[in-house]
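*Asks:* Can you keep this structure in mind? I'll have questions shortly.
The values are calculated or read from the model by the stated rules, or taken from the named source; none is laboratory data. For clarity, every value in this text was computed on a predicted model and none was experimentally measured. Note that we place each Cβ from the backbone using ideal geometry, even for glycine, and neighbour counts take in every protein chain shown. Please note that ligands, DNA and RNA were not included when accessible areas were found on the heavy atoms of the full protein model with its side chains. Shrake-Rupley method; radii C 1.70, N 1.55, O 1.52, S 1.80 Å.
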Amino acid sequence: MPNGVLKLSVNLGKKTAANPSGDCLAHVTTEEDFRSSFLSLVQSNLDKLTSSDLPVTNSRCTRRDYEAAYGSALGMNAGNVRGAKAKKKKPKKDASGAVIPSPPHDPGDDVLYVSRVAGAGYSVGYAASAGRTGGAGRITVALGERDSTVTVGRNIEVVVKVQCGVPAGEEGDVEEGTGEGGWETEVQGNMGEGGEELMEKVVEKVAAKVEEMDVKKEDGEMVVNPWDVSGKIDYNKLVEHFGSVRIDSACLDRLLNAIKKIGKVTSLHPWIRRGIFFSHRDLNRILDLVEAGKPFYLYTGRGPSSAAMHLGHLVPFMMTAWLQRAFDVPLVVQMTDDEKFIWKGEFKDGEDNLDYFRGLTRENAKDIISCGFIKEKTFIFSDCDYVGHMYPNIVRIWKSVTYATAQAMFGFNKHNIGQPAFPAIQAAPAFPSSFPVVLGAGRSSTMACLIPCAIDQDPYFRMTRDVAHKMVPRDHPLGGKPALFHSKFFPPLQGA
């Protein structure tokens, strides 16, 4: 078993209003605890069933269908399933009077009368006199043993979920989402002979998951997404995986010529020359607009997670300030205080800490302003304050992106509803009509957008680019797609 705490969840059958089974939890730290907890949780679910005193109904089916649904053990040992006696029929004869042999008897065709729990999604055998589950006595689960009154079907579906995470708090609860280095896995099966086979499958899968996590840790597997950057970063593989384009010498020459033509700066920023900003999407098309004298604007942002920003946080803003001066264009800066609360917010004693993140927005804005933006052409906004102006576009993006797409792109699984909804909020500023006053743009605007950002933010804008054509007029020069200018990650103090 792994270090840390495993949270074990056992559900029997379909979780419905009529089926009280489900959400029985236990925390385990050893394999012995795991085995005993498994049977204990199954027992807890069955106890819920009897204590709920659900009605038991009678039905009939063929032995073949019965065994396929519930297993051959259910009820037969206790005599709760009764087979209908076949009536004797007169033998059939052919034209010559010879008896036609009857086909061999198939026991699967026998009709069985079954007592079942109504609406529970599975069946247990009950004594014929038990009209409700409460009158049937306790259903017991133990290897090789069965209650004399009630038996449990071997084909009762069982779903076992195991979550591994870091203990938190005085009671050692497992943090939601499993925390750093955490994981979860799920096994589906049936009870078999008291659940022993299913339990072995769970233990085997947990062991395999532990080994997989250990290998990933040893190999330093690269992980890059909007919420996690870890492992040894291979930027060539990252560009290939994300489908962006490396900035080559031809692109650098075009960029230099464009800014010289405008005349605000005379040389490329050192971070561009040294490859710190190394990848892009549609930067050449932005340069086409510059050469044609057509407008575009810059968009970047910050998720306020601390009162002071470190150098890694400032890299995109310092580059954005240079780009704004070089191209003499408007800039919008999104402060995602809503995002930080959705991911890291807390409720305690009837209060929450949303205002804490809103306060961080104000502190971070001071650091951002110090990067030297053009005051008259810069708009810094808090989502909590400004989101109403963007809401029509947010709704359009929600309508355009399926949940399956968001789940595949961002890995959403067991999250609060705000998390899968948030990407649309970060996407909205990429469309000029989100700023009718700041940019003077309406739905008919064809102004393009360039987004300088670290490459871990690219998934947000891949989604944005996929639906962009629905958000702008047909004559938009980039089809509504925002262009991106990617930076590498700032190396830690101990070196790259």
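Every residue, every condition in (1) among the β-branched types (Val, Ile, Thr); (2) under 25 Å from Leu283 (Cβ atoms), yes or no:
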residue	(1), (2)
Phe357	no, no
Asp367	no, no
Thr378	yes, yes
Val387	yes, no
Pro392	no, no
Thr402	yes, no
Thr405	yes, no
Ala448	no, yes
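*Asks:* Going by the conditions given, is Gly372 at pLDDT below 95 and over 30 Å from Ile259 (Cβ atoms)? If you could, list the steps in order and put the result at the bottom.
*Replies:* Details: at pLDDT below 95: yes; over 30 Å from Ile259 (Cβ atoms): no.
Judged against the criteria, Gly372 is not a match.
*Asks:* With the requirement that a residue be closer than 17 Å to Pro392 by Cβ and buried (at least 18 other Cβ atoms within 10 Å of the Cβ), what does the stretch 450-477 give you?
*Replies:* Residues satisfying the conditions are Thr464, Val467, Ala468, Met471, Val472.
*Asks:* Moving on to the next point. Right, Lys340: open to solvent by 70 Å² or more (accessible area, probe 1.4 Å) and not β-branched (Val, Ile, Thr) or not?
*Replies:* Details: open to solvent by 70 Å² or more (accessible area, probe 1.4 Å): no; not β-branched (Val, Ile, Thr): yes.
No; evaluated as a whole, the condition is false for this residue.
*Asks:* Please tell me if Gly418 is free of Cβ contacts under 8 Å to residues at least 24 places away in the same chain and either out of contact with any strand residue (DSSP E or B) (no Cβ under 9 Å at 6 or more places or on another chain) or open to solvent by less than 40 Å² (accessible area, probe 1.4 Å) (or both).
*Replies:* The answer is no for Gly418.
*Asks:* Here's another thing I want to ask about it. Which residue is most open to solvent (accessible area, probe 1.4 Å), if the candidates are limited to the stretch 377-391 and must be in contact (Cβ under 8 Å) with a residue 40 or more places away in the chain and out of contact with any strand residue (DSSP E or B) (no Cβ under 7 Å at 6 or more places or on another chain)?
*Replies:* That would be His389.
*Asks:* Now for a different question. Take the stretch 407-443 and flag every residue that is modelled with pLDDT of 80 or more, assigned to a loop (DSSP other than H, G, I, E, B) and farther than 30 Å from Ile286 by Cβ.
*Replies:* Asn416, Ile417
*Asks:* Only one of these conditions is not met by Thr361: (1) farther than 16 Å from Ile451 by Cβ; (2) surrounded by fewer than 21 Cβ atoms within 10 Å (Cβ to Cβ); (3) of a type in the set (S, T, N, Q). Which number is it?
*Replies:* So the condition that Thr361 fails would be (2).
*Asks:* Could you tell me how many of the residues in the stretch 348-385 are outside any strand (DSSP E or B) and either small (Gly, Ala, Ser) or touching a Ser or Thr at 6+ places or on another chain (Cβ under 6 Å) (or both)?
*Replies:* Total satisfying the criteria: 7.
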